[in-house]
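Each remark here refers to the structure printed beneath this line.
Only the coordinates and a few stated rules stand behind these numbers; no lab work does. Everything numeric here is computed off the predicted structure, so don't read it as measured data. Virtual Cβ from ideal backbone geometry, glycine too; neighbours counted across all protein chains shown.
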Amino acid sequence: MADQWLPAGDEDRFWDLVEAAWAPLGPEAGQARQALVSRTPDPDVDPWEDPALSLVQAALPRFLDSLAALGRELSAAELASHDRVAERKLYDIDRADVHAATGGSDDGFLYARGFIVALGRDFYEAVARDPEMAVYDAECEEMCYFFAHLHDKHFGYFPDTGSAISRESCNNPAGWPS
């Protein structure tokens with residue numbers, strides 16, 4: 001599902017890069033991510049008891065290392081494009097219903113949305129459709145500004161996404177009815 005606010009192809013390249021970063025972690029990590037996408041949320045079952053979530057949580061640091069390695073090959077424009085997509089994806093799920101399913105303070109909710117993005121397009125879209133698919137208290141802080149920090153590290157400045165939106169929590173007026 002393409003986003004009307006992103007240039008054609010940017011979103012697909014972003015999700016392809018996320019998948020490429022997960023690929024070296026092996027089929028178990030992929031199967032665990034898919035298990036989180038295809039599960040039926042049950043309020044009586046603690047998702048932290050799920051071995052798939054434990055495997056994904058344990059794999060996140062290696063995923064981020066893999067993503068950083070792939071990012072080293074990207075130009076300033078490509079990193080800025082990926083940051084713009086991440087910003088938009090975080091913004092689009094900045095919603096009260098997603099917050100209720102993930103919990104946390106403002107920062108904690110941002111990090112929860114980072115986890116949702118880090119798990120890839122399938123998980124992201126599942127949560128966007130049904131916030132109950134999210135995992136309460138699961139976080140990936142690093143993903144929230146990953147490409148901006150990588151851009152800064154390689155080029156000495158943070159990219160300007162030009163979007164005039166904020167990825168910080170409670171900034172999407174469509175997601176927070178008054």
- Would you mind getting me the FRET efficiency between residue 44 and residue 122? Use the beta-carbon distance for r and R0 = 22 Å, nearest 0.05. 0.35
- Quick one: if the Förster radius is 45 Å, what FRET efficiency do residue 28 and residue 96 give, using the C-beta to C-beta distance and rounding to 0.05? 0.85
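For the chain, what is the calculated [θ] at 222 nm in deg cm²/dmol (nearest 500), taking -39500 (n - 2.57) for each run of four or more DSSP H residues and dividing by its residue count? If you can, show how the numbers build up before the last one.
Working: 9 runs with 106 residues, N = 178.
Computed ellipticity for the chain at 222 nm equals -18500 deg cm²/dmol.
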- From fewest to most C-beta neighbours within 10 Å, the residues 49, 139 line up as 49, 139
- Note on the structure: Under the 7 Å Cα-to-Cβ spin-label approximation, residue 154 and residue 20 lie apart by a distance in nanometres of 1.0 nm
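What whole-number volume per residue, in cubic angstrom, does the convex hull of the C-alpha atoms of the stretch 1-91 give?
Values: hull volume 10.6 nm³, N = 91.
Hull volume normalised by residue count: 117 Å³.
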- Which of 159, 29, 93, positive extreme of dipole for the chain (C-beta unit charges): 159
- Message: What percentages make up the Cα-Cα pair-distance distribution of the chain when the bins are 10 Å wide from 0?
- Response: 10, 40, 37, 12, 1
- Treating only Lys and Arg (+1) and Asp and Glu (-1) as charged, each at its beta carbon, one finds that the chain has a dipole about its Cα centre, in Debye to the nearest 20, of 400 debye
